[in-house]
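Reviewing the structure listed below.
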Amino acid sequence: MSNNIEPPVLLSRLMTFVFASAIIVLVVMIITLGKMFPLHRTQVFFLTTLPKTNTEIQITNFTPTEENIEDYKKAFIKEYIKARNEIIPNASVMQRKWSNAKDGIVNSWSTPEVYAQMQKTSMWISYMTEPPDFEFTCPVEFTGVVPRTDDTYAVSFRYFCTNNANTGGQAPEKNSTIVLRKDYTITVKVDLENKTMQWADRLNNPLGIRISEYKIESENGDPLDFK
């Protein structure tokens with residue numbers, strides 16, 4: 001009796017092996033795509049720069065642990081305080097930042113009630129109706145972000161403004177009006193239960209956080225109502 005395998009049987013075994021391999025590859029691809037799609041999971045990264053003389057940056061993966069979420073909330077609160085209070089010498093940029101449009105930074109990061117509170121301040125009214133024709137600068141210097149409860153934080157910062165008038169090309173320092181530095185403490189509450197977010201927020205607010213409470217604790221009043 002001959003022990004030779006007939007060509008059809010050999011071909012059948014080869015096709016079975018190829019088919020089984022294709023099935024395994026297909027299953028692996030389906031599992032991989034299942035983990036990737038739908039792309040609704042948030043992936044946050046913190047970028048920390050090295051000294052200014054070096055252009056390299058360090059990218060740190062942000063995993064959703066309790067400690068990282070706390071760090072992210074504090075970082076977001078600082079960015080919100082800056083977006084709301086910091087003034088730069090560019091009226092068009094300020095109008096876009098404070099705009100009541102959906103892509104306005106303060107508006108998209110605030111609940112409607114908190115944003116309506118900002119709209120009553122003298123500086124918001126000024127910039128959104130008749131922007132000043134001089135270079136106005138108000139930086140924010142943070143001195144602390146302290147948690148009060150799980151979602152409420154007391155933010156302390158120093159605030160001062162300079163008015164760089166344009167008078168005949170003289171040196172800016174000779175024309176600057178410096179407002180005395182004032183210390184502010186503001187209590188904010190973050191809302192992590194937001195169910196919808198704007199498409200633009202996928203980059204600057206991937207967790208969809210909103211500020212749902214904004215209370216002035218310092219005696220100086222709202223920084224945007226200074227005189």
Identify, from the list Glu141, Glu130, Glu113, the residue that is charged (D, E, K, R), over 23 Å from Ile209 (Cα atoms) and surrounded by fewer than 13 Cβ atoms within 10 Å (Cβ to Cβ). Glu130
Considering every residue within segment 110-132, establish whether at least one is free of Cβ contacts under 8 Å to residues at least 24 places away in the same chain and under 17 Å from Lys182 (Cα atoms). no
Just need a number here: residues in segment 157-207 that are acidic (Asp, Glu) and either within 30 Å of Glu135 (Cβ to Cβ) or modelled with pLDDT of 80 or more (or both). 3
Quick check on Glu130: is it out of contact with any Cys (no Cβ under 7 Å at 6 or more places or on another chain), at pLDDT below 90 and among the acidic types (Asp, Glu)? yes
Being over 19 Å from Ala154 (Cα atoms), loosely packed, with under 15 Cβ neighbours inside 10 Å, out of contact with any Pro (no Cβ under 7 Å at 6 or more places or on another chain) and not basic (Lys, Arg) narrows it down to one of Asn107, Asn90, so name that one. Asn90
Filter result for the condition that a residue is small (Gly, Ala, Ser) and either modelled with pLDDT under 90 or part of a strand (DSSP E or B) (or both), over Ala116, Ala154: Ala154
Looking at segment 207-223, which of its residues are surrounded by 15 or more Cβ atoms within 10 Å (Cβ to Cβ) and closer than 20 Å to Phe76 by Cβ? Leu207, Gly208, Ile209, Arg210, Ile211, Ser212, Glu213, Tyr214, Ile216, Pro223
Out of Tyr159, Tyr80, Tyr153, I need the residue that is touching a residue at least 60 places away in the same chain (Cβ under 8 Å), over 18 Å from Glu213 (Cα atoms) and either surrounded by 13 or more Cβ atoms within 10 Å (Cβ to Cβ) or not aromatic (Phe, Trp, Tyr) (or both). Which one? Tyr159
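The values are calculated or read from the model by the stated rules, or taken from the named source; none is laboratory data. Note that this is a predicted model, so its numbers are computed, not measured. Methodologically, a virtual Cβ is constructed for each residue, glycine included, from the backbone with ideal geometry; neighbour enumeration extends over all protein chains shown.
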